[in-house]
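Below: one structure, written as structure tokens.
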Amino acid sequence: MNIFRLAGDMTHLASVLVLLLKIHTIKSCAGVSLKTQELYALVFATRYLDIFTDFISVYNTVMKLIFLGSSFSIVWYIRRHKIVRRSYDKEQDTFRHYFLVLPCLLLALLIHEKFTVKELLWTFSIYLEAVAILPQLVLLQRTRNIDNLTGQYVFLLGAYRSLYILNWIYRYFTERHFVHWITWIAGLVQTLLYADFFYYYFESWKNNVKLQLPA
Amino acid sequence: GLGQPMHDEL
């Protein structure tokens, strides 16, 4: 475990906890895309199947349980909680996320490391995670005003992916550990998706103005 | 599973 990997996991943990705390405390999910949250729950459900078969470390298992629990809790809050669900912007959160799931499923069937159910689902989760943020980015552009917690959430997610790329570079040079090119490319695509958000987030922070994304 | 698991990252 290197510092980039640990920092990446902690940033990822912070992003989901920021979101869960926001929804739990102010009982509102304004600006949050349910579609993106459902996609993340699916990403974790299909990636962490090995939690019962392969034991890697206590850290690994605990983090997987936290990510599974928090992502499904967020979906439950937005779908089922009698107060939170009222602030869900159904009309604006219209990204057809099934159009993301199917291509990722097909791509996983075409390009994978091993043709086993567990490995196919794992590969599917890698592809899906790369595009899962799209409904949220679209919603942010539509609603234009970004309340700072949602902005921080997206920022932390982007930071977690950037740190993972540094982690892969570090592991390549130190452990001669080769991240499979599937992981590398999907991770790179995902990080690039955040690039323009980062630009506007940094600009707003520098000019000390409210974050506005161009339509 | 047998041997080193395929994926050790989250």
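Taken together, the values in this text are just the output of simple stated rules run on the coordinates, not laboratory data. For clarity, every value in this text was computed on a predicted model and none was experimentally measured. No Cβ is skipped: glycine too gets one built from the backbone with ideal geometry, and neighbour counts run over all protein chains shown.
Residues within the reach of a label modelled at residue A:169 (point 7 angstrom out along Cα to beta-carbon, backbone nitrogen below 16 Å), restricted to segment A:1-33, are A:2-8. Other protein chain C-beta atoms within 10 Å of residue C-beta, averaged over A:55-61: 2. Taking other Cβ atoms within 10 Å as a rough exposure proxy, A:86, A:176 sort from fewest to most as A:176, A:86.
Taking chymotrypsin sites (Phe, Trp or Tyr not before Pro) across segment A:33-67, the ones in a DSSP loop with at most 15 further Cβ atoms lying within 10 angstrom of their Cβ are A:52, A:55. Among the chymotrypsin sites (Phe, Trp or Tyr not before Pro) in segment A:115-208, those placed in a DSSP loop whose Cβ has at most 11 other Cβ atoms within 10 Å are A:115, A:178.
Per residue, the convex hull spanned by the Cα atoms of the protein assembly as shown amounts to 128 cubic angstrom.
Using the membrane-span-like helix rule (whole DSSP H runs, Cα extent along the own axis of at least 20 Å, mean Kyte-Doolittle hydropathy at least -1.0), which helices of chain A qualify? Long hydrophobic helices here: A:3-26, A:58-80, A:117-131, A:148-174, A:181-206.
Using the Cα centre of segment A:88-215 as origin and beta-carbon charges of +1 (Lys, Arg) and -1 (Asp, Glu), tell me which of A:143, A:88, A:192 is placed farthest towards the positive end of the dipole. Projecting each Cα onto the dipole axis, the largest value belongs to A:192. Among A:182, A:78, the order by Cβ neighbours within 10 angstrom, fewest to most, reads A:182, A:78. For the protein assembly as shown, a crude dipole built from +1 on the beta carbon of Lys and Arg and -1 on the beta carbon of Asp and Glu, taken about the Cα centre, is about 760 debye to the nearest 20. The calculated FRET efficiency for the pair residue A:111 and residue A:82, based on their C-beta separation and a Förster distance of 45 Å, comes to about 0.55. When GluC sites (Glu not before Pro) are flagged only if DSSP places them in a loop and at most 13 other Cβ atoms lie within 10 Å, the longest unflagged stretch of chain A comes out as A:1-90. A crude spin-label estimate for the pair residue A:20 and residue A:199, with each label 7 Å from Cα along the Cβ direction, gives 3.5 nm. The alpha-carbon of residue A:114 sits under 24 angstrom from the alpha-carbons of these lysines, leaving out residues fewer than 8 places away in its chain: A:64. Here the Gaussian network model covers chain A, with springs between Cα atoms less than 10 Å apart; of A:131, A:117, A:32, A:117 fluctuates the most. If only the Cβ of Lys and Arg carry +1 and only the Cβ of Asp and Glu carry -1, the dipole of segment A:114-215 around its Cα centre is close to 40 debye.
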